[in-house]
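Some notes on the structure that comes next.
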Amino acid sequence: MKVIVVRHGETDYNRARRMQGYGEVPLNDRGIRQAAQLARHLATQEVDRIVCSDLRRTVMTGCIIASQLDKPMVYDAGLRERNPGDLVEGHYDEAPAFFTDPDFVPPNGEGVPVFRTRVRETFTALGRQYGDNTGTLLVVTHGLVCHAFVEEFFGAAFSEGVGAGNGTLSIARVEQGTWHLEKATCDAHLHDRSQTIPGGAQGA
């Protein structure tokens with residue numbers, strides 16, 4: 001089975017570098033365009049099914065894609081972003097340890113080991129549920145989840161120096177429980193000016 005893992009489109013919190021966590025923050029105009037660009041690109045990938053984090057920014061991204069592809073979408077809370085707890089809505093620069101210190105546990109939030117275990121278990125369960133199929137599974141999730149997915153299943157070397165920006169995608173295959181990475185955090189589809197934007201979204 002082919003698995004495409006995408007990060008949701010941009011929000012105003014992303015642009016301002018503020019932590020969203022489990023907050024129900026919507027996509028901004030640029031994020032809607034990114035989701036539309038993703039939908040246009042994914043129309044060439046023969047996606048069979050879509051699994052999405054249940055937070056608003058991923059739901060909006062997933063709905064734009066699902067509508068364009070005319071595919072069903074289900075939600076999985078295991079795909080939520082890492083919970084920053086009491087740091088939510090704060091600026092990234094106010095709590096650098098959240099991103100750099102694996103031993104840091106935010107008050108009322110998730111430490112790295114707990115978060116990584118959740119990501120690993122969620123993708124392992126998806127592999128068990130859909131891995132015997134020959135089609136393509138699209139997973140719509142968050143930036144730190146995208147990083148954790150690549151690092152947990154394929155090793156940190158695959159993601160060093162690579163940022164999972166808004167609207168980027170990674171491609172993997174799972175065969176008999178074994179995962180193989182084909183592409184990490186690609187954004188070429190966001191810069192392809194030959195694409196038309198579905199749904200009448202306006203360009204910048």
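Overall, segment 2-200 carries a charge dipole of about 500 debye about its Cα centre when +1 sits on the Cβ of Lys and Arg and -1 on the Cβ of Asp and Glu, all other atoms neutral.
By the count of other C-beta atoms within 10 Å, a proxy for reagent exposure, R82, R17 are ordered fewest to most as R17, R82. Taking amide H atoms as placed 1.01 Å from N in the peptide plane, the amide H of Y75 lies under 5 Å from those of C52, each 5 or more residues away in sequence or on another chain. The 3J(HN,Hα) values that the Karplus relation (6.51, -1.76, 1.60; θ = phi - 60°) gives for segment 139-146 are, in residue order, 10, 9, 8, 10, x, 5, 5, 4 Hz. Gly and Pro appear as x. What percent do you get for the relative contact order of segment 2-200 when only Cα pairs under 8 Å and 6+ apart count? It comes to 31 percent, rounded to a whole number.
Quick one: net charge of H91's neighbours, Cβ under 11 Å, K/R +1, D/E -1? Residues near H91 contribute -1 overall.
Grab the other residues whose beta carbon is less than 14 angstrom from that of F115, score K and R as +1, D and E as -1, and report the net. Here the count lands on -2.
Considering only the chain, what is the antiparallel percent among its DSSP beta bridges, to the nearest 5? Here the share of antiparallel DSSP bridges comes out near 50 percent. Of M1, M19, the sequence from fewest to most neighbouring Cβ atoms within 10 angstrom is M1, M19.
Extent of segment 1-102 along its three principal axes (Cα atoms, max minus min coordinate, largest first): 42, 28, 20 Å. Put a dot 7 Å past the Cα of D29, heading toward its Cβ, do the same for F154, and the two dots end up 3.4 nm apart.
The numbers here are math on the coordinates, done by the rules we state, and not lab data. No experiment lies behind these values; they were computed from the predicted model shown. A quick note on method: Cβ atoms are made from the backbone with ideal geometry, for glycine too, and the neighbour counts reach across all protein chains shown.
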